[in-house]
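I have placed the structure first, in the form of structure tokens, so that the comments after it can refer back to it.
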Amino acid sequence: MPKLQLHTKIIIGLILGAIFGAIFAVNPNKLEFRFNDNSQQVENWQEFTFLKKDSVLKSFGKEDQLAIIKYFKNLKDKKDIRQKIKLSDGSEKIFENTVTIEKIKTIGVWFKFIGDIFVRLLNMIAVPLVLASLIVGAASLTDLRHVAKIGGKTLGFYALTAVLAISIGLTFANLIQPGHIMDADAKDRLLDTYQEDAKTKIDQNVSMNIVEFIVNIVPKNPFKAIADGDFLQIVFFAILTGIFLMQIPKEKSAPVINFFSGVSEAMIVLVEKIMLIAPYAVFTLIAATVAEFGFSILQTLLWYSLTVVLGLLVLTFIEYPILLKIFTKIKLKDFLRAQRQVLAVAFSTSSSAATLPVTMDVCEKRLGVPNKIASFVLPLGTTVNMDGTALYQAVATMFIAQVFGFDLNLTQQLTIVLTAALAAVGTAPVPGVGLLMLIIVLKSVGVPEEGIALIIGVDRFLDMCRTVPNVLADSLACVVIASSEGELGEINPDAKYEGAM
Ligand code: ASP
């Protein structure tokens with residue numbers, strides 16, 4: 001039997017993970033009650049009521065598993081609280097002194113720890129890899145003007161793709177109008193279930209100040225930047241270190257450059273080894289997400305989710321190919337083939353930062369981008385370039401506005417273009433932050449921030465989807481910049497990972 005290539009194994013892991021997760025999905029009609037010394041399970045309730053002494057606090061129906069769990073968790077004072085549960089056979093149960101109410105975990109989520117280890121390994125590598133390879137890369141850049149030129153082109157390209165992405169999102173939100181398709185009942189239920197989660201996010205008081213953002217690129221302490229994994233600060237420090245290493249006598253700079261060159265190469269080999277467990281890790285991550293995901297919420301938010309996904313598909317398969325064609329000579333087929341691992345890792349981890357080591361490896365080995373460009377453009381893009389997130393924030397703002405009956409005019413939609421571009425820049429490349437930064441966009445056009453409660457339920461799934469163009473755009477920028485500098489090397493979309501079996 002022919003040996004399967006790594007990317008084929010990863011795709012198989014992804015598909016099998018989804019099937020496994022669906023088979024062993026968490027039962028939405030079952031709950032586990034833990035008390036101080038024992039626990040009990042309840043299945044198929046018809047009515048679920050929380051009582052304080054004998055007065056009714058709140059009642060739930062049979063499809064409210066998540067709302068019940070969240071309500072109990074968020075109850076400030078759990079003293080004298082009882083649960084009266086009417087089962088489908090008409091019998092009744094009363095619980096008191098309940099410590100927790102939870103879903104019952106299935107085998108679908110048991111192995112998620114393997115995926116978690118994989119994500120941590122990739123995150124572990126990202127910082128030393130960026131630091132070391134950029135110091136080495138910058139040492140080969142002739143002067144600061146050269147860096148400024150590449151930097152200017154990169155930021156210009158990122159701004160262009162962000163504005164295009166947001167425009168695509170706004171176009172679909174205006175055409176489909178997902179918020180007008182949603183019924184009032186579903187709206188109330190979502191607001192009720194997720195209001196506490198939304199409040200926690202709103203209380204974080206996120207804001208985006210562009211001057212502060214620029215000032216913060218300069219690290220006060222590069223070691224803190226490294227410890228915090230702040231890529232922009234690391235990039236700033238590494239470029240200056242690399243460039244000024246070239247201004248000192250060679251006998252002093254050579255050992256330092258050799259040292260970082262060794263670190264960088266070792267990290268790359270490590271990425272390739274870590275990727276060997278990717279098929280299994282992807283399997284466990286997808287299985288756990290599918291098993292835990294409430295598909296009923298996807299139904300409720302079907303039109304909103306479809307609008308976001310449609311926009312992301314147009315971004316990935318129409319906008320990017322057009323830009324690739326305009327700015328480079330690379331064939332779309334080759335570009336996408338080279339990115340197979342990158343896309344699967346981005347989708348299953350929902351983290352551009354975790355995907356960065358894989359993206360760097362692929363851009364250098366398969367797409368022929370020189371290290372000095374990849375090690376600069378990619379970490380920068382990972383932090384500031386999030387087209388998928390920007391598109392999603394635009395659609396989400398329009399959706400929430402439509403549900404709440406706001407009609408956003410052209411000026412307000414232009415405000416969305418600006419603020420979503422900035423909010424995406426401020427979004428950290430880790431799971432879920434795009435939703436938090438959405439608050440800034442909502443505030444800018446006066447749409448109620450509490451509205452994020454409407455979309456929290458499907459955010460995990462949409463996060464997976466938006467992270468894919470987030471990383472793909474970084475690779476695209478890499479080849480565009482390299483090609484504009486006349487430095488794009490040979491393309492080998494099928495170059496195997498050294499360790500690949
Ligand atoms: N998960 C996204 C990323 O890492 C960020 C977000 O939109 O939440 O690129």
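Values quoted throughout were computed directly from the atomic coordinates according to the rules given, and no laboratory measurement underlies them. Because the structure is a prediction, the values reported are computed rather than measured. Note: ideal-geometry Cβ built from the backbone for every residue, glycine included; neighbour counts use all protein chains shown.
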If each residue of separation counts as 0.36 nm, what is the full-extension length gain between Asn38 and Lys105 once their alpha-carbon separation is subtracted?
22.4 nm
Taking every other residue with Cβ under 14 Å from the Cβ of Leu285 and scoring Lys and Arg +1, Asp and Glu -1, one gets 0
If you wrap a convex hull around the alpha carbons of the range 125-224, what volume per residue comes out, as a whole number of Å³?
200 Å³
Residue separation times 0.36 nm, minus the C-alpha to C-alpha distance between Met124 and Leu175: what's the value?
14.1 nm
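Highest mean first, how do 228-236, 296-304 rank when packing is the count of other Cβ atoms within 10 Å averaged over residues?
Taking the mean over residues of other Cβ atoms within 10 Å, the ranking is 228-236, 296-304.
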Cβ under 15 Å from Val163's Cβ, Val163 left aside: what net charge do those residues give with Lys, Arg +1 and Asp, Glu -1?
-2
Over the Cα atoms of the range 66-167, how large are the radius of gyration and the largest Cα-Cα distance (Dmax), in Å?
27.4, 80
Extending each Cα 7 Å along its Cβ direction at Leu310 and Lys273, get the distance between those two points in nm, one decimal.
4.8 nm
Of 111-120, 144-153, 421-430, ordering from highest average Cβ density within 10 Å down gives 421-430, 111-120, 144-153
Cβ-defined net charge surrounding Val147, 13 Å radius [Lys, Arg +1; Asp, Glu -1]:
+2
How would you rank 337-349, 440-452, 398-410, highest first, on the average number of other Cβ atoms within 10 Å across their residues?
337-349, 440-452, 398-410
Roughly how tilted is helix 250-274, in degrees to the nearest 10 and between 0 and 90, from the longest Cα axis of the chain?
40 degrees
Expected output is a single nm value to one decimal: the length gained when fully extending between Asp54 and Asn209, i.e. 0.36 nm times separation in residues minus the C-alpha distance. What is it?
50.7 nm
Could you pull out every one of the lysines with an alpha carbon less than 16 Å from that of Lys372, ignoring same-chain neighbours closer than 8 positions?
Lys149, Lys153
Based on alpha-carbon centroids, what's the gap between the range 253-290 and the range 81-145 in Å, whole number please?
20 Å
Förster-model FRET efficiency, 60 Å R0, Trp303 and Ala266, C-beta, rounded to 0.05:
0.80
May I ask for the angle, rounded to the nearest 10°, between helix 433-444 and the longest principal axis of the chain, with both axes built from Cα atoms and the value confined to 0 to 90°?
80 degrees
tail above 26 Å in the computed P(r) of the range 204-356, as % of all Cα-Cα pairs, reads 56 percent
A correct Karplus calculation of ³J(HN,Hα) over the range 307-313, with 6.51 cos²θ - 1.76 cosθ + 1.60, θ = phi - 60°, whole Hz and x for Gly and Pro, returns 4, 5, 5, 4, x, 5, 5
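Between Arg337 and Asp228, what is the FRET efficiency for a Förster distance of 51 Å, r being their Cβ-Cβ separation, to the nearest 0.05?
0.90
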Could you compute Rg(Cα) / (2.2 N^0.38 Å) for the chain, with N its residue count?
1.06
Straight distance only, please: which aspartates and glutamates reach the Cα of Lys220 with their own Cα at less than 16 Å, same-chain residues fewer than 8 apart left out?
Glu212, Asp228, Asp230
Excluding same-chain residues fewer than 8 positions from Lys93, which lysines have a Cα within less than 22 Å of its Cα?
Lys30, Lys52, Lys53, Lys58, Lys62, Lys70, Lys73, Lys78, Lys79, Lys84, Lys103
Cα-based helix-to-principal-axis angle, 6-23 vs the chain, degrees rounded to 10
10 degrees
